[in-house]
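Following: one structure in structure tokens, then a few remarks.
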Amino acid sequence: MEGSIGSEERRSRWDLRKVKWGVAALVFLYAALLLGLGGLRLYAMHLGFQLVSLEREIDLLSREDLRLANELVYLMSPDRIHRYACEKLKMTHANSLYVVVVPSVVYPLPENEASIFAKGEGKGAAGFTARANAED
């Protein structure tokens with residue numbers, strides 16, 4: 001009988017150890033889950049702070065964009081350009097304007113002049129061709 005009591009006692013001790021290990025494993029698992037959730041919460045707070053910081057930066061940059069757009073409109077206004085040209089560059093109004101109209105019709109070259117241009121002959125010191133100098 002003593003052998004059977006000893007084995008029952010061993011079995012109950014063994015079962016008790018299993019229960020202790022199971023409880024310890026559950027406690028460890030719950031602690032790990034709580035730490036993981038806490039870490040996720042801290043990371044979410046960090047992302048929230050970054051989001052607020054980026055929103056502030058976007059607001060500042062949009063204000064600067066608006067300011068630069070207004071400055072561009074001011075700089076490109078015809079009145080300002082006219083005033084700058086008169087005051088700073090000392091430009092004056094022209095008494096008369098000349099308009100040069102270039103005809104859009106192209107005349108073919110005669111054969112003898114086309115051969116001169118093909119050979120590269122007829123260039124003066126300034127690099128103008130004989131035909132161009134003759135027209136001037």
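If I ignore ligands, DNA and RNA and count only protein heavy atoms, how much of L16 is accessible to a 1.4 Å probe, in Å² to the nearest 10?
Answer for L16: close to 90 Å² accessible.
For V105 and D65 in one chain, what is 0.36 nm times their gap in residues minus the Cα-Cα distance, to one decimal in nm?
9.6 nm
Checking the a/c ratio against 1.5 first, then a/b against b/c, what shape does the Cα gyration tensor give for the stretch 39-107?
Because a/c hits 1.5 or more and a/b fails to exceed b/c, the stretch 39-107 counts as oblate.
The values are calculated or read from the model by the stated rules, or taken from the named source; none is laboratory data. Here the structure is a predicted model, which means the values were calculated and not measured. Calculation scope for accessible area: heavy atoms of the full protein, side chains included, ligands and nucleic acids excluded. Shrake-Rupley method; radii C 1.70, N 1.55, O 1.52, S 1.80 Å.
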